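One structure below.
The values are calculated or read from the model by the stated rules, or taken from the named source; none is laboratory data. Keep in mind the model is a prediction, meaning the values are calculated, not measured. Counting neighbours? That spans all protein chains shown, and the Cβs are built from the backbone with ideal geometry, glycine included. Remember, those area values only see protein heavy atoms, side chains included, never the ligands or the DNA or RNA. Shrake-Rupley method; radii C 1.70, N 1.55, O 1.52, S 1.80 Å.
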Amino acid sequence: MEVILTAEHLRKYFSADPVLVDVSFQLRAGDKVGLVGPNGCGKTTLLNILAGKEETEKGTINAPKVSIGYLEQRPEIAEDRTVLDEARYALAPLVKMQHDAGAIAQRIAEMGGTSFAADSDYEKLAKEYDRLHENLTRHDAYHLDHRIEKILHGVGFTDDDLPKPVSALSGGELNRLCLAKLLLEEPDIMLLDEPSNHLDLIATEWLENFLHDTQAAVILVSHDRYFLDKVTNRTFELFHGTIDDYPGNFSKYCVLKEERLEVQTRTYEKFVEEVEKAKEFIRRNHYGMKAAQAEDRRKKLERLLETPADLPRKIETPPMKFPKSYRTGEIVFRVENLSKGFGSQPLFRELDFSIERGQRWAIVGPNGCGKTTLLKCLLGELEPDTGKVIHGQGLKTGYFDQQLHIVDDDMSVVDAVRPPKKIIEERERRNLLGAFGLTGDQQLQTVGSLSGGQRCRAALAKLAADDPNVLVLDEPTNHLDLWARAALEKAVNDFDGTVLFISHDRYFVDKVADHLLIIQPDGRFKVLDGNYSTFRMLVGQGLFTDPFTGTGKEPPVSAGGNTKQPIIQQPPAAAGNSLKNKDKQKKKRKFPYRKLSDIEDEIFARENWVQTLNEDLLRPEIVRDAEKMKAVHLEIQKEQEKLKQLNEHWEEATEMNW
């Protein structure tokens, strides 16, 4: 394939330490590249340089004949147009071409058609029309409106959203609109930074198919391993400022990475051994009968050190681990006729299932279908409307909630993981935090001052300290990078207790779950013995209804309980119709209505501001001024209070924005 972009020896500094040291690679037409690396390694910086938004301090980028489009994490967009008009603006050159072709066709018609074929003006117009027609056909520009609506629908906009002013969109909706514009433009190279962040599962799968089928080359940054596997055919690993190039998708990269790491480790160990042997020989024989040999060995050592073996490119994975649990009864949770809703609107109805010791269940369903509500009913934090939950013998549950209430924001991390009614010395707690990737001064910070990923690790460490035999996890991979997600996946799989979890990370669900509880918006549910791949296979074969799209067929209803076959339970038709005929009623809100994405954007901004304020506390000019120190502490306290309110608001919106 033709090389369309070449980057050579790119370097970028933001402080004394470089972010990019020597980045070189070639991109071919049609390449779908996954750009991976630990948090803070410079992935976004590299995309900014490739897009021309930042300058490199050294090196060159050569891409003279191609167009480059860039989807940023925080895009800027005009706000004086509607959603549809803004999307159409992305195709302005084709729209103009359409207009020009129409105008030329009108002029040709006015000239009388073929009777003036010998006229030079007619010939020029005819050639220009043919050129425009060829370009319009090649770009499928005679169906622009259909194409625009198809892509807007694909990324999650509805027909009702199209006439909305851009100024009324949330941060997440703006990201989706920018993604739609980039896909409409379909430049030769697409640079995508976390494109699935604000997409639901339907839109994510649609985007996977679009990127897989597009002729454009793609460089993609994502923490979604399933997304990377579906889209990419090449992987760039950015680490210590340089890139290693691997063929294949993310799963293939993981295999090849291990093989390459073994070779690098053996080579480096052999180099170190040769150096140490040479130094020892020189030290022992520098004076004496073997002095000439020692001198010869010294020269060889100098040549050896001129081209040292590279350090193995090992990206450290935190060795997360949950302690061995004591045995529970064979049945952990037995659910009988469980229903829950708010007002007259049911979330789920008449659930009957049993979770046995050692099983790993994932709850799957569209946003707002009541997954978190079901977890809270199982744990006894919410009262169901009907039915009951029976806990087995000897249960000690550890609950990881999305708001991370398990750790106190006002406590230092090393104290926040201390379990109640159990003595764990500080040294042991520090070792535990280190195993979950929190080291050094991070352990002495307050929990509220940590980044989202660090708070998540602290909560997982607290969970491990509590010695549970049942793990109940609500979105445990949020904010974790690829390596931390892999470590958590291994820790959960090695755990000898029972696991019940919710996750939008399909790769995590696929690797961990052996049972799926699939909840649908109308209150039905299905129990599937298998993982996410089993579920998608059955949907693809038309043997299972997809709860996210409503497509597919219903498998046969089983009269039994939790069997190897999918189980469907459906509320009686009369009761369902009765509910549909009633007006929706909601419990009284504590907070005003806001979109989830708006709340998430504000939480993200305020967390970043708290982190900045904590960094200010270390600045010399602040440390030396007591008044300034006091003012910064007060500002942090105010922001943390606001974050608590926002998290409560987010939790309410999760429950009630259906």
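Some points to look at:
- Whole-percent carbon and sulfur share, accessible surface of the chain, 1.4 Å: 50
- Net charge over other residues, Cβ less than 10 angstrom from the Cβ of ARG357 (K, R count +1; D, E count -1): -2
- Amide hydrogen neighbours beyond the local backbone of GLU356, cut-off 5 Å, H modeled: VAL332
- Built amide H within the under 5 Å cut-off of LEU5, gap 5+: LEU27
- Shape class of the range 422-490 from the alpha-carbon gyration tensor: oblate, with a/c at 1.5 or above and b/c at least as large as a/b.
- Per-peptide average of other Cβ atoms within 10 Å, ordering 492-504, 412-424 highest first: 492-504, 412-424
- The gain in end-to-end length when the HIS633 to SER67 segment is fully stretched comes to 198.9 nm, 0.36 nm per residue minus the alpha carbon separation.
- Whole-Hz ³J(HN,Hα) from phi, Karplus 6.51 cos²θ - 1.76 cosθ + 1.60, for the range 482-496, glycine and proline x: 4, 6, 5, 5, 5, 5, 5, 4, 5, 4, 5, 5, 7, 5, 8
- Label-point separation in nm, GLU185 to GLN645, each point 7 Å along Cα→Cβ: 3.9
- Label of the coordinate-derived value, volume of the Cα convex hull per residue in Å³, listed as [x] 197; [y] 252; [z] 237: [y]
- On a per residue basis, the chain carries 51 Å² of accessible surface, using protein heavy atoms and a 1.4 Å probe.
- In the range 273-305, the trypsin sites (Lys or Arg not before Pro) that fall in loop regions by DSSP, at most 15 other Cβ within 10 Å: LYS290
- The DSSP beta bridges internal to the chain are antiparallel in roughly 55% of cases.
- Extension gain (nm, one decimal) between ARG284 and SER344, 0.36 nm per residue minus Cα-Cα: 12.8 nm
- Excluding exposed DSSP-loop GluC sites (Glu not before Pro) (at most 15 other C-beta within 10 Å), longest clean stretch of the chain: 80-315
- Net +/- balance of residues flanking ALA101 in space, Cβ distance below 12 Å, scoring K and R +1, D and E -1: -1
- If a spin label sat at a point 7 angstrom from the Cα of ASN367 along the line to its beta carbon, the backbone N atoms of the range 171-194 nearer than 12 Å would be those of 171-176.
- Karplus-derived HN-Hα couplings along the range 281-286 (A = 6.51, B = -1.76, C = 1.60, θ = phi - 60°), whole Hz, x at Gly and Pro: 5, 5, 4, 7, 10, 4
- A straight Cα-to-Cα reach below 20 Å connects LYS96 with the lysines LYS124, LYS127, LYS181, residues fewer than 8 places away in its own chain not being considered.
- Shown is the FRET efficiency for VAL95 and HIS504, computed with R0 = 60 Å from the Cβ-Cβ distance and rounded to the nearest 0.05: 0.95.
- Distance between the pseudo-spin-label points of MET1 and LEU444 (7 Å out from Cα toward the beta carbon): 5.1 nm.
- Derived scalar couplings ³J(HN,Hα) [the range 383-388; Karplus, 6.51 cos²θ - 1.76 cosθ + 1.60; whole Hz; x for Gly, Pro]: 7, x, 6, 9, x, 8
- Only one residue of ASN478, ALA653, SER222 has its Cα farthest out toward the positive end of the dipole of the chain, where Lys and Arg carry +1 and Asp and Glu -1 on Cβ, and that residue is ASN478.
- Expressed to the nearest 5 percent, the antiparallel share of DSSP beta bridges inside the range 365-510 is 10 percent.
- Rounded FRET efficiency, nearest 0.05, which uses the C-beta distance separating LEU382 from SER24 and R0 of 56 Å: 0.50
- Taking amide hydrogens as placed 1.01 Å from N in the peptide plane, the amide H of GLU475 sits under 5 Å from those of ILE502, SER503, each at least 5 positions away in sequence or on another chain.
- Potential lengthening between ARG266 and PHE591 on full extension [0.36 nm per residue; Cα-Cα distance subtracted]: 111.0 nm
- For MET320, neighbours were defined as the other residues whose beta-carbon sits under 11 Å from its Cβ, and their charges (Lys and Arg +1, Asp and Glu -1) total +2.
- In a simple Cβ point-charge model (Lys, Arg +1; Asp, Glu -1; nothing else charged), the chain has a dipole of about 1960 debye relative to its Cα centre.
- Looking at the range 160-303 alone, DSSP beta bridges between its own residues are antiparallel in about 55 percent of cases.
- FRET efficiency estimate (nearest 0.05) - Cβ-Cβ, LYS164 to ALA605, R0 22 angstrom: 0.45
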